[in-house]
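Below you'll find the structure, written out as structure tokens, and then a few comments.
The values are calculated or read from the model by the stated rules, or taken from the named source; none is laboratory data. As the structure is a prediction and not an experimental result, all values here were calculated from the model. Methodologically, a virtual Cβ is constructed for each residue, glycine included, from the backbone with ideal geometry; neighbour enumeration extends over all protein chains shown. Only protein heavy atoms, including side chains, enter the accessible area calculation; ligands, DNA and RNA are left aside. Shrake-Rupley method; radii C 1.70, N 1.55, O 1.52, S 1.80 Å.
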Amino acid sequence: MKKCIIFGLIVCSVALNQFALAGTWKDNFEDNDMSEWKIVDDWENSAGKWWSDKGEAVAESLDESGFAMWLTGKSTWQYYAVSCRAKLVKSKKEPPTFGIAMHADNDGVLDGLLDAHYYFRVIGGDFNFISIRKFRPFPVGPVTLGEFDFEVKADRWYQLTATIRRNGKIEFYIDKKLFTVFDANPLEAGQTGVGVSNAEVRFDDVEITGQNIDDGGPGDTTRSVNPQAKLTTTWGHLKSN
């Protein structure tokens, strides 16, 4: 009986914290290193641009009908958590949006375009709600897993945290407010990233944690980082039509 109780406690402990022995990839944008990020196009080959300013990443969508997406990581990353800070700086058109992409595939049948992924989207302007969507592998269309009312204010930093678990539970925090959905057939792995549409948005302090993620990234504290590297540096641009 005693052995059964001990075994049960061990199983519960593991189930409650799938990231107990995980590694963390970080980017705090202290330097101008963009080598571990890749800008991807959307279906309409829309253009966006990314640059660094005062130790923060700045993203702007250039095509009013499209989005700018920035990905990092490996296609083998599974069931991880992503956190970052984000701030809506300027709306270009309704609705301005920003968010986190997870379990993303952009190396498949679409020649580098973004295919299957989850997108945790914050919609501001006249709309003000949260959307959690699953984009299934082409040619199957996307599905909305959940939508929730949330007032989005410009020029205010929000702490975003998204987690995908093996049992299909998906969590999205904005500051301390939690939104939860379930996916019976979750996408198992893929890169992560941040995106914007119809807006200029700032991002900072990206952290990705998972069991098959190694400690590292440009913001790894084991690296030597010069605080004065927080200078305005253009990182890259998407190709334009």
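Okay, here's what the table says:
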{"quantity": "Peptides 22-28, 100-106, 184-190 ordered by average Cβ neighbours within 10 Å, highest first", "calculated": "100-106, 22-28, 184-190"}
{"quantity": "Proximal charge balance of GLY99 [Cβ under 11 Å; K/R count +1, D/E count -1]", "calculated": "+2"}
{"quantity": "Listed residues ILE174, ILE39 arranged by accessible area, highest first, probe 1.4 Å", "calculated": "ILE39, ILE174"}
{"quantity": "Neighbourhood charge, 9 Å Cβ-Cβ cut-off, centred on ALA86 and excluding it, Lys, Arg +1 and Asp, Glu -1", "calculated": "+2"}
{"quantity": "Enclosed volume per residue, in Å³, of the convex hull spanned by Cα atoms of the stretch 98-215", "calculated": "127 Å³"}
{"quantity": "Length added when fully stretched, THR144-GLN159, from 0.36 nm per residue minus Cα-Cα", "calculated": "3.2 nm"}
{"quantity": "Mean Cβ neighbour count within 10 Å, used as a protection proxy, ranking 196-204, 119-127 highest first", "calculated": "196-204, 119-127"}
{"quantity": "Added length on full extension, which subtracts the Cα-Cα distance from 0.36 nm per residue, GLU94 to ASP53", "calculated": "12.2 nm"}
{"quantity": "Nearest-0.05 FRET efficiency for ARG85 and GLU151, computed from C-beta distance (R0 22 Å)", "calculated": "0.75"}
{"quantity": "Computed FRET value (nearest 0.05) for ASP126 with LYS169, which takes r as the C-beta separation and R₀ as 35 Å", "calculated": "0.65"}
{"quantity": "Between the stretch 118-143 and the stretch 200-214, the Cα center-to-center distance that results, in Å", "calculated": "19 Å"}
